[in-house]
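Asks: Take this structure, written in structure tokens, and hold onto it; I'll ask about it next.
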Amino acid sequence: MNVADPEFLLDDSPGRVMLLLGNEAIAKGAVEGGVSVVAAYPGTPSSEIADTLSLLASKGGFYMEYSTNEKVAMEVAASASFCGLRSLTCMKHVGLNVASDAFISLVHTGVRGGMVIITVDDPFCWSSQNEQDNRFFAQFSGAPMLEPSDPQEAKDITAYAFELSEELQEPVLVRTTTRVSHARGDVKLGSTKRKPSLKGTFERDPRFGLLPASARVRHKVVLKRIEEARQLSEKSRLNSVFGDGKTGIITSGVSHNYVMEAINALNLEASIFKLGFTHPLPEERLMSFMSSHDPIIIVEELEPYLENHVKALSNRLKKKVRIFGKQDGFFPRTGEFNTRIVIDGISKSLDMKHVTVSPEIEKAYAEVQPLLPPRPPTLCAGCSHRATYYAVKVAAKGLNPLYSNDIGCYSLGVAPPFQMYDTMLCMGSGTGIACGFSAAQDQPVIAFAGDSTFFHASIPALINAVYNRHSFLLVVMDNGATAMTGHQPHPGTGVSGMGKPAPKVKIEEIARGIGVKLVYVIDPFDVKKSIRVFRDTLKKVQERKEVAVVVSRRECALLTIRRKRKEKTPIMPWKVDPEKCTGCMICVEEFACPAIFVANEKVVIDPNICVDCGVCAEICPYGAIEREKDRHEVKTI
Amino acid sequence: MKSRQSKTYNIVLTGVGGTGVLTAARILGSAAVKQGFRVRVGEVHGIAQRGGMIDVQVRIGEDVFAPTFMEGQANLLIGFELAEALRHANKLSREGVAIINDYRITPTMVTLGHGSYPAREKVIAAIKRFTKNMMIINAVNLAKEAGSAVTVGSVLLGAAVSVNGFPLKMETLKKTVEDLLSKRLLRENLKALDLGYNFARS
Ligand code: SF4
Ligand code: SF4
């Protein structure tokens, strides 16, 4: 797909209405807010914020970098703000865990230029390893927090967050969720008259050096700022009450939309308290809302953040109000909401009878379920990780190793036929976990990491392995991009966030520099050689009881397709010669490229899916797979 | 408060990640904005795009809030793949229309012997339990006729224009395709829209 050039986002065309992805809208809000420095590490569902800003940076006159990880990104954005510039960092929910060390203390130092931190939570773990609710980070750190409910608000709130940050001299957390960031909606654009600047100035101030003496002072300042922020929250337009009825519904973020759909469907008279400024909460207004409404229904995804606060506040009221939320089971605490869940929750709270979906549809759907084939995500056709996994698996036959896997496209190695994972925890954990396995037990250990993951968080663990004499094989699957999140550049790619050439940091040189003795680089498409290198290396690791690194380097298949199309290199599908095929099923059962399937007991290759990598032909012991003569347009984008 | 749900036109697009489902949804959304509608498109990115099942919901109307809608509320289902169309057939309303590409992608799991892919006729019969208004279309062939197999999405969108009550005009879709898609295959995509439309009308 050709992502339309987002350059129009720099235009000063207030009032124009465009369809924007929530994340693009956040990027637009940053431009309207005059952001000067952007630093980020990509992560679904936040990636398009940084990607859009990366495409706009040069023309827009601001600085953008993909930092090695979220903590570094947080620090880069922080120091830009210390210099008086407006800065932004964005990350997925677990990214804020990585950045939290910098973040929590940053609330202590406070900021100068407006600084906005976007965190995108992922209820239902669409593309994540956990389901945490980052609203607690606001409470934990003391930072003010804003929560948009749709793309329009995502833009407006981001632009406003810079002002709020400057007013309070604190970084502002903007928290969205998958269904805000990955929803598209009509967005009315604002003005881009405010221009960025890269002429910041830094003046020494004790608050920026958090020694114990200054930290003690700053903690008191943080508490004072929280109270100031609460006053602003009381007055904020982002916290609004509308509709009328005895029933009061308190909601925030994407849940607001489901509430609107629900009251329309239920024809319900209700007052809605929609919260967009959610830390600190407007306590006085919430109390007065509660004193004039009964019952109160709280609709929020994930943790009972609002519910806990509202219940605590209700204790200060003279009268007793009924409050329905998730603590009594009216709404779920896991997964994401939808209109159905919210209709069900509201009608249960109010003892209303309502049928959301017709029983005939439910019945028919239950009956057709057994027909549906399983279709979990897989490594793409032509993916270099498949070739690497294949070679490692063949080389490790009989060794029965433990596999500590990591976060990236290669996580899909969990699926059959490879199933090469025993652990997967967080970015970089493949290497750290391998250290502990090496100390704790005797089976051989194979760790995996992607190139971007290696730079992000594997390096300290690899140093640890050398220093503490841990013994395992680390396979770095280097496909030249942060592929899973959209092929962003990283320190090994030779391109910067500004789209300019950059120095290339080499994984094998880092490994050697750290003191790893056994370092090899292979091309996984050279299957035979790869198997040999893995076999030899595993043997050496066992004999010498030390760590080894094999960098398996081959461009991501999606990048190869893009490149070939640009170069006008033909992409020719491969095919199975039925005369030569013996039906051994090695290509199916041990390699399983999605282009290969079995029809009428014959192995065939779907020419619409095959991307011409040729690896299956190398694997076939009978030379039965060959290249087709005709050029073909591959459908995969 | 008056119920306004009836005024929203709900579309669900289903298929396999990486085959153009997201792009088609984006074209629908942008075209709707061009015609002055309020729009919500509910997408899923990331790991789901890697060959897994994917559904995108597009909501067009005057007062749209949620990015997704409930079962039984779709006016239109656009299926890029047979079994994936069935997986979301329960989203269709009784009067809803299904436009389905006559194309099967066997999941690797099935190739490896986990579960099975039902016969084409079985899938079609199962979808018929949710709607009587179904159009099966060989979009891959029409796309090839348009000049490239990658234009399957445009064929299906062209067919959608023929559906009674579909709120978007062919000329808006064409304009949007010109704005959003690569210039490299523009001619082919425009032709694919026409071929899809003509097929559906005949
Ligand atoms: S490995 Fe080769 S010979 Fe064996 S089934 Fe596959 S294509 Fe046929
Ligand atoms: S050449 Fe073989 S392994 Fe490569 S994409 Fe085509 S079918 Fe898959």
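Asks: Among the residues of region A:394-413, which ones are under 23 Å from A:Gly432 (Cβ atoms) and not in a loop (DSSP other than H, G, I, E, B)? So that I can check it myself, show each step before the final result.
Replies: Of the residues in region A:394-413, the ones under 23 Å from A:Gly432 (Cβ atoms) are A:396, A:399-413.
Result: A:Leu402, A:Tyr403, A:Ser404, A:Cys409, A:Tyr410, A:Ser411, A:Leu412, A:Gly413.
Asks: Sticking with this structure for a sec: Please tell me if A:Ile514 is within 25 Å of the chain's Cα centre (by Cα) and without any contact (Cβ under 8 Å) to a residue 60 or more places away in the chain.
Replies: It is false that A:Ile514 is within 25 Å of the chain's Cα centre (by Cα) and without any contact (Cβ under 8 Å) to a residue 60 or more places away in the chain.
Asks: Looking only at strands (runs of 3 or more DSSP E) that fall completely inside region A:269-308, which ones have 1 or more residues that are modelled with pLDDT of 95 or more and over 17 Å from A:Ser233 (Cβ atoms)? Please lay out each step first, then the result.
Replies: On the way: elements: A:270-275, A:277-279, A:296-299.
By residue number, A:270-275, A:296-299.
Asks: With of a type in the set (A, V, I, L, M, F, W, C) and either more than 9 Å from every other protein chain (Cβ to nearest Cβ) or on the phi > 0 side of the Ramachandran plot (or both) as the only criterion, which of B:Val163, B:Val140 stands out?
Replies: B:Val163
Asks: Follow-up. How many of the residues in region B:179-199 are modelled with pLDDT of 95 or more and more than 14 Å from B:Val152 (Cα to Cα)?
Replies: Within region B:179-199, residues that are modelled with pLDDT of 95 or more and more than 14 Å from B:Val152 (Cα to Cα) number 1.
Asks: Against the definition (at the interface with chain A (Cβ under 7 Å from one of its Cβ atoms), of a type in the set (A, V, I, L, M, F, W, C) and over 29 Å from B:Val39 (Cα atoms)), how does B:Met70 come out, yes or no?
Replies: Working: at the interface with chain A (Cβ under 7 Å from one of its Cβ atoms): yes; of a type in the set (A, V, I, L, M, F, W, C): yes; over 29 Å from B:Val39 (Cα atoms): no.
Criteria not met by B:Met70.
Asks: A:Val222 is checked against (1) more than 14 Å from every other protein chain (Cβ to nearest Cβ); (2) over 23 Å from A:Ala77 (Cβ atoms); (3) β-branched (Val, Ile, Thr); (4) within 33 Å of the chain's Cα centre (by Cα) and fails just one. What number does that condition carry?
Replies: Every listed condition holds for A:Val222 apart from (2).
Asks: Can you give me the ranges of the strands (runs of 3 or more DSSP E) entirely in region A:1-78 with at least 1 residues that are acidic (Asp, Glu) and outside the structural domain of A:Pro501 (by TED's automatic domain parsing)? Talk me through it step by step, then tell me what you get.
Replies: On the way: elements: A:17-21, A:37-40, A:63-66.
Once the strands (runs of 3 or more DSSP E) in region A:1-78 are filtered for at least 1 residues that are acidic (Asp, Glu) and outside the structural domain of A:Pro501 (by TED's automatic domain parsing), what remains is A:63-66.
Asks: Right, here's the next one. Out of A:Gly413, A:Gly408, A:Gly345, which single residue is more than 9 Å from chain B (Cβ to nearest Cβ) and at positive phi? Step through it out loud before you land on a result.
Replies: Details: A:Gly413 fails: at positive phi; A:Gly345 fails: at positive phi.
Just one listed residue meets the conditions, A:Gly408.
Asks: If you don't mind, another one. Could you please give the count of residues in region A:592-612 that are of a type in the set (A, V, I, L, M, F, W, C), under 23 Å from A:Arg554 (Cα atoms) and buried (at least 22 other Cβ atoms within 10 Å of the Cβ)?
Replies: Start the filter on region A:592-612 by keeping residues that are of a type in the set (A, V, I, L, M, F, W, C), which leaves A:592-593, A:595-599, A:603-605, A:609-611.
Still in the running and under 23 Å from A:Arg554 (Cα atoms): A:592-593, A:595-596, A:605, A:609-611.
Still in the running and buried (at least 22 other Cβ atoms within 10 Å of the Cβ): A:592-593, A:595-596, A:609-611.
Counting residues in region A:592-612 that are of a type in the set (A, V, I, L, M, F, W, C), under 23 Å from A:Arg554 (Cα atoms) and buried (at least 22 other Cβ atoms within 10 Å of the Cβ) gives 7.
Asks: Answer yes if at least one residue in region A:552-565 is within 17 Å of B:Gly18 (Cβ to Cβ), within 14 Å of ligand 2 (Cβ to nearest atom) and assigned to a strand (DSSP E or B), and no otherwise.
Replies: No, the conditions are met nowhere in region A:552-565.
Asks: Does at least one position in region B:108-120 carry a residue that is in a strand (DSSP E or B) and modelled with pLDDT of 95 or more?
Replies: Initial filter on region B:108-120 (in a strand (DSSP E or B)): none.
No, because not a single residue in region B:108-120 is in a strand (DSSP E or B) and modelled with pLDDT of 95 or more.
Asks: Scan region A:575-623 for residues that are more than 10 Å from ligand 1 (Cβ to nearest atom), of a type in the set (A, V, I, L, M, F, W, C), modelled with pLDDT of 95 or more and not in a loop (DSSP other than H, G, I, E, B) and jot them down.
Replies: Residue satisfying the conditions is A:Val615 alone.
Asks: Would you please list the contacts, defined by Cβ atoms under 7 Å and residues six or more apart or on different chains, that run from a residue in region A:373-388 that is among the basic types (Lys, Arg) to a residue that is in a loop (DSSP other than H, G, I, E, B) and within 8 Å of ligand 2 (Cβ to nearest atom)?
Replies: Within 7 Å, the pairs are A:Arg386/A:Cys593.
Asks: Which numbered condition trips up A:Pro570, out of (1) within 14 Å of chain B (Cβ to nearest Cβ); (2) over 18 Å from A:Arg386 (Cβ atoms); (3) more than 16 Å from ligand 1 (Cβ to nearest atom); (4) crowded, with 18+ Cβ neighbours inside 10 Å?
Replies: Going through the list (1) within 14 Å of chain B (Cβ to nearest Cβ); (2) over 18 Å from A:Arg386 (Cβ atoms); (3) more than 16 Å from ligand 1 (Cβ to nearest atom); (4) crowded, with 18+ Cβ neighbours inside 10 Å, A:Pro570 breaks only (4).
Asks: Are any residues in region A:111-156 in contact with a Pro (Cβ under 9 Å, 6 or more places away or on another chain), in a strand (DSSP E or B) and away from chain B (no Cβ under 14 Å), and if so, which ones?
Replies: Across region A:111-156, the qualifying residues are A:Met115, A:Val116, A:Ile117, A:Met145.
Asks: Next question, about the same structure. Would you say A:Ala624 is within 15 Å of ligand 2 (Cβ to nearest atom), within 11 Å of another protein chain (Cβ to nearest Cβ) and farther than 30 Å from A:Gly515 by Cα? Lay out the reasoning, then the answer.
Replies: On the way: within 15 Å of ligand 2 (Cβ to nearest atom): yes; within 11 Å of another protein chain (Cβ to nearest Cβ): no; farther than 30 Å from A:Gly515 by Cα: yes.
Here the answer is no, as A:Ala624 does not meet what is asked.
Asks: A:Pro295 fails exactly one of the following numbered conditions: (1) touching a residue at least 40 places away in the same chain (Cβ under 8 Å); (2) touching a His at 6+ places or on another chain (Cβ under 8 Å). What is the number of that condition?
Replies: Failing condition for A:Pro295: (2).
Asks: Further question: Filter region B:23-53 down to residues that are more than 7 Å from chain A (Cβ to nearest Cβ) and surrounded by fewer than 23 Cβ atoms within 10 Å (Cβ to Cβ) and give me whichever is nearest to A:Asn338 (Cα to Cα).
Replies: B:Phe37
Asks: In addition: Could you list, ordered by first residue, the pairs with Cβ atoms under 9 Å in which the first is in region A:563-586 and closer than 30 Å to A:Gly480 by Cα and the second is within 14 Å of ligand 2 (Cβ to nearest atom) and of a type in the set (Gly, Ala, Ser), at least 6 apart or interchain?
Replies: A:Pro573/A:Ala595; A:Trp574/A:Ala595; A:Trp574/A:Gly614; A:Trp574/A:Ala617
Asks: Something else now. Please indicate, with yes or no, whether at least one residue in region A:534-542 is outside the structural domain of A:Val475 (by TED's automatic domain parsing), of a type in the set (Val, Ile, Thr) and surrounded by 15 or more Cβ atoms within 10 Å (Cβ to Cβ). Please lay out each step first, then the result.
Replies: So in region A:534-542, the residues outside the structural domain of A:Val475 (by TED's automatic domain parsing) come out as none.
No, because not a single residue in region A:534-542 is outside the structural domain of A:Val475 (by TED's automatic domain parsing), of a type in the set (Val, Ile, Thr) and surrounded by 15 or more Cβ atoms within 10 Å (Cβ to Cβ).
Asks: Working only within region A:587-617, note down all residues that are near ligand 2 (Cβ under 9 Å from one of its atoms) and either closer than 15 Å to A:Tyr389 by Cα or in contact with a helix residue (DSSP H, G or I) (Cβ under 7 Å, 6 or more places away or on another chain) (or both).
Replies: Those that are near ligand 2 (Cβ under 9 Å from one of its atoms) and either closer than 15 Å to A:Tyr389 by Cα or in contact with a helix residue (DSSP H, G or I) (Cβ under 7 Å, 6 or more places away or on another chain) (or both): A:Cys587, A:Phe591, A:Cys593, A:Pro594, A:Ile596, A:Val611, A:Cys613, A:Val615, A:Cys616.
The rows are residues; the columns are (1) facing another protein chain (nearest Cβ under 8 Å); (2) aliphatic (A, V, I, L, M).
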{"residue": "B:Lys7", "(1), (2)": "no, no"}
{"residue": "B:Leu13", "(1), (2)": "no, yes"}
{"residue": "B:Gly20", "(1), (2)": "yes, no"}
{"residue": "B:Asp63", "(1), (2)": "no, no"}
{"residue": "B:Asn75", "(1), (2)": "no, no"}
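Asks: Given (1) outside any helix (DSSP H, G or I); (2) at the interface with chain A (Cβ under 9 Å from one of its Cβ atoms), identify the lone condition not met by B:Val97.
Replies: Result: B:Val97 fails condition (2) only.
Asks: Taking region A:573-586 as the search range and keeping residues that are surrounded by fewer than 20 Cβ atoms within 10 Å (Cβ to Cβ) and more than 20 Å from B:Leu112 (Cα to Cα), which one is farthest from ligand 2 (Cβ to nearest atom)?
Replies: A:Glu579
Asks: Hey, can you tell me all the residues within region A:592-609 that are more than 10 Å from chain B (Cβ to nearest Cβ) and within 21 Å of B:Gly51 (Cβ to Cβ)?
Replies: Initially, region A:592-609 is screened for residues more than 10 Å from chain B (Cβ to nearest Cβ), giving A:600-602, A:605.
Within region A:592-609, A:Ile605 is the sole residue that qualifies.
The values are calculated or read from the model by the stated rules, or taken from the named source; none is laboratory data. Since we're looking at a predicted model, the values are computed, not measured. FYI the Cβ positions are ideal-geometry reconstructions off the backbone, even for glycines, and counts take in every protein chain you see.
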